[in-house]
Each structure stands twice: as C-alpha cells, then as structure tokens.
Amino acid sequence: MKITSLSFQGLGGYRESTKLVFNNLSLVLIEGENGAGKSSVLDTISWILFDRTLRGAAREEWVNTF
C-alpha cells in the first residue's frame, strides 16, 4: 500500500482541515519544531488503518469534538 494523500480535521492537535499530498514521492521526511504535530500525523495514519494510534490512544481519546 502506498499513501498518496491524507485529509483530516479534528484529530490529535489539528483542529483545522488538513491535507497532505505525497504524490510521486518515494521517501517522505516529516520535520518541525517540538509540538508542531509530527507525531500526530503518524498517529493519524495509524488510527485510520488500525483504529488505534501509535501511542495506543483509542477513538474517544484521539478525535477532538470542538
């Protein structure tokens, strides 16, 4: 499986609608300051695929209901 794009809103620390596009990329580097949301992106992918984040958070803990 190859992820080509990811769209989400209200997951982890992301309140606004967020879209990441990975088209035609064979390697992706996620870089940023502490607290910028790098781990949240990986947790979101894990949650979408396996219904749990990498840190073990369940749906009730991961979905923000602002």
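The values are calculated or read from the model by the stated rules, or taken from the named source; none is laboratory data. Keep in mind that this is a model prediction, so the values were computed, not measured. So basically every Cβ, Gly included, is an ideal-geometry build from the backbone, and we count neighbours across all protein chains shown. For the accessible areas, the whole protein counts, side chains as well, though only heavy atoms, and no ligand, DNA or RNA atoms are used. Shrake-Rupley method; radii C 1.70, N 1.55, O 1.52, S 1.80 Å.
A few comments on the model shown:
- Helix-only arithmetic for the chain: the sum of -39500 (n - 2.57) across DSSP H runs with n ≥ 4, divided by the residue total, places the mean residue ellipticity at 222 nm at -7000 deg cm²/dmol.
- Shown in residue order for the stretch 46-53 are the 3J(HN,Hα) couplings computed by the Karplus curve 6.51 cos²θ - 1.76 cosθ + 1.60 at θ = phi - 60°: 4, 5, 5, 7, 10, 6, 8, 7 Hz (x for Gly and Pro).
- Volume of the Cα convex hull of the chain, divided per residue and given in Å³: 91
- On a per residue basis, the stretch 5-55 carries 75 Å² of accessible surface, using protein heavy atoms and a 1.4 Å probe.
- Amide H contacts for GLY10 (H built 1.01 Å from N in the peptide plane; partners 5 or more residues away or on another chain; cut-off under 5 Å): ARG15, GLU16.
- Percentage relative contact order, the chain, counting C-alpha pairs under 8 Å, at least six apart: 30
- Scalar couplings 3J(HN,Hα) for the stretch 18-23, obtained by applying the Karplus form with A = 6.51, B = -1.76, C = 1.60 to θ = phi - 60°, are 10, 10, 10, 10, 10, 4 Hz; x denotes Gly and Pro.
- Surrounding net charge for LEU42, when Lys and Arg each add one and Asp and Glu each subtract one, Cβ distance under 14 Å: +1
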